[in-house]
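All remarks here apply to the structure that follows.
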Amino acid sequence: MGDGGGGAEEEEQVMSEVHLGCPPHFSGLHVSRFSFSSRPLGPSGDDDCDGSGGSSLIAATSGSCGLPDAVAVDEDGDLVLDRRRRNKHVRSDYHPLTIQHGVTSSLKSVGLQVWKAALLLADFVLHKSFTSSNFDGVTAIDVGAGTGLVGLVLARVARRIFITDRGTDILDNCLANVHINSRMLKFDEATICVRELDWKMSWPPPVGTYDPSDPRYLWSADDIEEAEKATVLFAADVIYSDDLTDLFFDTVKKLMSSGAKKVLYLALEKRYNFSLDELDIVANGYAHFRSFFATQQEHGGAPDRHKPHLVGKQIDLAEVPQYIREYERGKDLEIWEIEYSPEHELQ
């Protein structure tokens, strides 16, 4: 999610750990091929495939998917011959997930990158879709969708999903990823609506006449009506700035208090830095994030108008098998299930 900032000076670049295998100093957009199947990885991170691990990373020119003329490279940036990707060990239930993304970006364009929390949340969606009917036929909203990865996985079973973010470059890239994956993941592109949702303007967004050629990705009145019928919200790696966290939860609370009852599944990665205020290593923004909702234990008892309107429960990641093989979870990833508690609305 962009912060709407800008300036004449060159902005500092950041890079997701997911992109460490990409060619160094690569500029423009890149395409990475991830993989998943209906059978999760084992404890060692391997399954019945060849065990080589790692995604196939493919160079693409800016503004183009680049798939026909792509060049595959391995984690060291060396050429990978195509025959290495077609071997007898590939399982019949293997599904490729092809994501176009930036390798590095400024903070305001981090939505162009793939982040671990999005891969974790995609694992959660895959697990639910493989083991239950919870997400079958749902209408959902991905808030701050970035590359659209979570929405693409959900589109296999959902009736409609709104992939939302801010900025034409990020939304164009989302739409490109929809086009790239619809055939391989076997979903109807009409299932996915890519729309601009600026958290600074909260909910509902301004209404405009939507045209597929319009780069502004405007909402129609019908879009807003359908979005408010959504029962599930998703967000991944949107907690990295206190100011944006404020705007995010303002938007989420207005969404969750409109229309159908909704649940939010939010994945994040704690990032630690030394704090001069605390004189200690702390997870930036995490305490601020946690201040927006009570846990189920904290929520108990008589209604208190000073309590948060949201109630959250941390999901045990031991219950979420890993289906996407091209990332390492580590200990700093979390998923929260958050619901709206209208009895705590201020009068």
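Residue 141 falls short on exactly one of the conditions (1) within 8 Å of the chain's Cα centre (by Cα); (2) modelled with pLDDT of 95 or more; (3) under 21 Å from residue 252 (Cβ atoms), and that condition is (1). Residue count for segment 11-35, restricted to those that are open to solvent by less than 90 Å² (accessible area, probe 1.4 Å), assigned to a strand (DSSP E or B) and modelled with pLDDT under 85: 1. Residue count for segment 166-186 satisfying the condition of being of a type in the set (Gly, Ala, Ser), in contact with a helix residue (DSSP H, G or I) (Cβ under 8 Å, 6 or more places away or on another chain) and under 21 Å from residue 110 (Cα atoms): 1.
Answer yes or no: is there a residue in segment 298-313 that is open to solvent by 40 Å² or more (accessible area, probe 1.4 Å) and modelled with pLDDT of 95 or more. Yes: one or more hits. Of all the criteria given as (1) at negative phi; (2) at pLDDT 95 or above; (3) surrounded by fewer than 19 Cβ atoms within 10 Å (Cβ to Cβ), the one not satisfied by residue 107 is (2). Could you list all residues from segment 238-254 that are closer than 18 Å to residue 309 by Cα and among the charged types (D, E, K, R)? Across segment 238-254, the qualifying residues are 246, 250, 253, 254.
The values are calculated or read from the model by the stated rules, or taken from the named source; none is laboratory data. Owing to the predicted nature of the structure, the values given are computational and were not obtained by experimental measurement. Note: ideal-geometry Cβ built from the backbone for every residue, glycine included; neighbour counts use all protein chains shown. Side chains are part of the model used for accessible areas, which takes the heavy atoms of the whole protein and leaves out ligands, DNA and RNA. Shrake-Rupley method; radii C 1.70, N 1.55, O 1.52, S 1.80 Å.
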